[in-house]
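Asker: Quick one: the structure is below, and I'll ask about it shortly.
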Amino acid sequence: MPDMVRRCGWCEAVNTTEGPSCVKCGGPLPIPPGHDPGEPPPDPPRPLPGRYWRHKLFFGNFAVWFGGIWAAIGGLLAVVFLVLTVVLPPLFFGACFGSLFFIVGVVVAGVGIRNALRRMSALRRGVAAPGEIVRVSENSMDTANGQHPWLIEYTFDLGGSLHGGSISSWDPVNAHREPGQKVTIVYLPDDPDVSEIWPPVK
Ligand SMILES: [Zn+2]
């Protein structure tokens with residue numbers, strides 16, 4: 001059954017079995033398209049695999065790469081220009097320019113880390129609520145090898161006030177997800193706009 005091929009949201013291993021857990025890391029797998037939510041999440045705090053932390057915070061965090069490269073180039077320029085001011089004082093402006101790049105890069109990377117921490121916090125200590133997928137579309141903002149990831153948008157109702165979120169996923173199984181599929185959402189009680197689907201979809 002092709003729609004049972006799922007990528008683990010924790011370790012990204014491709015699972016072809018129908019079981020609820022990843023064959024590689026043991027974490028709960030995303031609910032397949034067309035299925036009701038499975039087991040409710042365990043009580044918080046839930047342990048998250050270390051690899052997942054590192055991936056979300058650094059290796060798989062676009063803002064950290066982007067900001068980090070910007071900060072590195074800006075920092076290097078600032079130092080080079082600062083040294084050159086010894087022979088040509090007006091180059092001090094170049095050093096200022098490099099410093100500005102450095103600062104912007106650090107801020108971008110910092111915001112990326114903060115956002116990743118908040119979403120991981122939703123998985124780790126978030127409150128569970130019933131939710132629903134409202135839209136699945138190709139995310140044309142992002143392209144790799146001529147393909148777009150899937151953008152899954154969901155909503156959940158908290159005592160009459162509707163909240164929502166979205167996740168971007170490269171797993172082609174998401175093409176089979178339909179609006180209306182019930183999912184479990186975990187959200188931060190102090191900021192319900194920070195949420196994730198449980199188990200996470202990669
Ligand atoms: Zn896994």
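The values are calculated or read from the model by the stated rules, or taken from the named source; none is laboratory data. Model, not experiment: these values are computed from the prediction. Ideal geometry is used to build each Cβ from the backbone, glycine not excepted, and the neighbour counts take in all protein chains shown.
Yes or no, residue by residue, for (1) surrounded by 12 or more Cβ atoms within 10 Å (Cβ to Cβ); (2) assigned to a loop (DSSP other than H, G, I, E, B); (3) modelled with pLDDT of 95 or more:
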| residue | (1), (2), (3) |
| --- | --- |
| GLY19 | no, yes, no |
| VAL23 | yes, yes, no |
| GLY38 | yes, yes, no |
| LYS56 | yes, no, no |
| ALA63 | yes, no, yes |
| ALA78 | yes, no, yes |
| LEU91 | yes, no, no |
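Asker: Further question: Can you find even one residue in segment 163-177 that is assigned to a loop (DSSP other than H, G, I, E, B), surrounded by fewer than 11 Cβ atoms within 10 Å (Cβ to Cβ) and of a type outside the set (Asp, Glu)?
Answerer: No, every residue in segment 163-177 fails to be assigned to a loop (DSSP other than H, G, I, E, B), surrounded by fewer than 11 Cβ atoms within 10 Å (Cβ to Cβ) and of a type outside the set (Asp, Glu).
Asker: ARG124 versus (1) out of contact with any Cys (no Cβ under 7 Å at 6 or more places or on another chain); (2) of a type in the set (Lys, Arg); (3) in a helix (DSSP H, G or I); (4) loosely packed, with under 15 Cβ neighbours inside 10 Å: which is the lone unmet condition?
Answerer: (4) is the only condition that ARG124 fails.
Asker: Under 9 Å by Cβ, and 6 or more places apart or on different chains, what pairs join a residue from segment 5-29 that is more than 8 Å from the ligand (Cβ to nearest atom) with one that is acidic (Asp, Glu)?
Answerer: What qualifies is VAL5/ASP171; ARG6/ASP171; ARG7/ASP171; VAL14/ASP171; PRO20/GLU39; PRO28/GLU39.
Asker: I need the full set of residues from segment 40-54 which are surrounded by 13 or more Cβ atoms within 10 Å (Cβ to Cβ), part of a loop (DSSP other than H, G, I, E, B) and in contact (Cβ under 8 Å) with a residue 60 or more places away in the chain, in order please.
Answerer: PRO41, PRO44, ARG46, LEU48
Asker: Kindly indicate the residue of segment 1-46 that is more than 20 Å from the chain's Cα centre (by Cα) and among the charged types (D, E, K, R) and also farthest from LEU123 (Cα to Cα) among those meeting that condition.
Answerer: Only one residue fits best here, namely ASP3.
Asker: Let me ask something additional. Pick out the one residue from ASP193, ASP171 that is more than 24 Å from LEU29 (Cβ to Cβ), out of contact with any helix residue (DSSP H, G or I) (no Cβ under 8 Å at 6 or more places or on another chain) and of a type in the set (Asp, Glu).
Answerer: ASP193
Asker: Give me the pairs, please: first residue somewhere in segment 113-141 and over 16 Å from PRO192 (Cβ atoms) and in the same structural domain as GLU178 (by TED's automatic domain parsing), second residue anywhere and in a helix (DSSP H, G or I) and modelled with pLDDT of 95 or more, beta-carbon distance under 9 Å, and either six or more positions apart or on two chains.
Answerer: none
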